[in-house]
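K.L.:
Below is one structure. I have some questions about it.
Values in this text are rule-based calculations from the coordinates and carry no lab data. What you see is a predicted model, and the numbers here were worked out from it, not measured in a lab. Cβ: placed from backbone, ideal geometry, glycine included. Neighbour counts: every protein chain shown.
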Amino acid sequence: MPPRASATKLVMLDEKGDQTGSLAFANLLGRWRDDGTRECRFLIGAADGFDDAQRAEADQLIAFGRATWPHLLARAMLAEQLFRAMSILANHPYHREG
């Protein structure tokens, strides 16, 4: 993998990642934004996932549960979580809060 600028975060969707809730995910993105991160790159693993060396390169590992998801569905789920996170950061009410 080519070197990344320090203002870029690499997030891998990986079965060994954290099962992060929407509020925690929004807070993570908000913290990175406030710290000057200009870009987040999200990677979805191949059929066999990522190896340990690749995982070590990530700034964050995130899992969407224990199930295996097709790439197109994982993309849709990621898009929804990004939309939800941006809504939370914009102070829109979050119905699951509390």
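K.L.:
Quick one: which residues, 5 or more positions from D18 or on another chain, have an amide H under 5 Å from its amide H? H modelled 1.01 Å from N in the peptide plane, none for Pro or chain starts.
P.N.:
L61, I62, A63
K.L.:
Amide H to amide H, which residues 5 or more places from C40 or on other chains are under 5 Å from it, using H placed in the peptide plane?
P.N.:
Amide H neighbours of C40: K9.
K.L.:
Scan the chain and hand back the longest stretch that contains none of the trypsin sites (Lys or Arg not before Pro) lying in DSSP loops with at most 14 other Cβ atoms within 10 Å.
P.N.:
5-37
K.L.:
So, one more: Within region 27-98, report the chymotrypsin sites (Phe, Trp or Tyr not before Pro) that DSSP leaves as loop and that have at most 15 other Cβ atoms within 10 Å.
P.N.:
Loop-located and lightly packed - Y94.
K.L.:
Now for a different question. When the convex hull of the C-alpha atoms of the chain is computed, what volume per residue in Å³ does it have?
P.N.:
110
K.L.:
When Lys and Arg each count +1 and Asp and Glu each count -1, what net charge do the other residues less than 9 Å away from I62, Cβ to Cβ, add up to?
P.N.:
-2
K.L.:
Please give the contour-minus-distance gain from E39 to Y94: 0.36 nm per residue of separation, less the Cα-Cα distance, rounded to one decimal in nm.
P.N.:
17.3 nm
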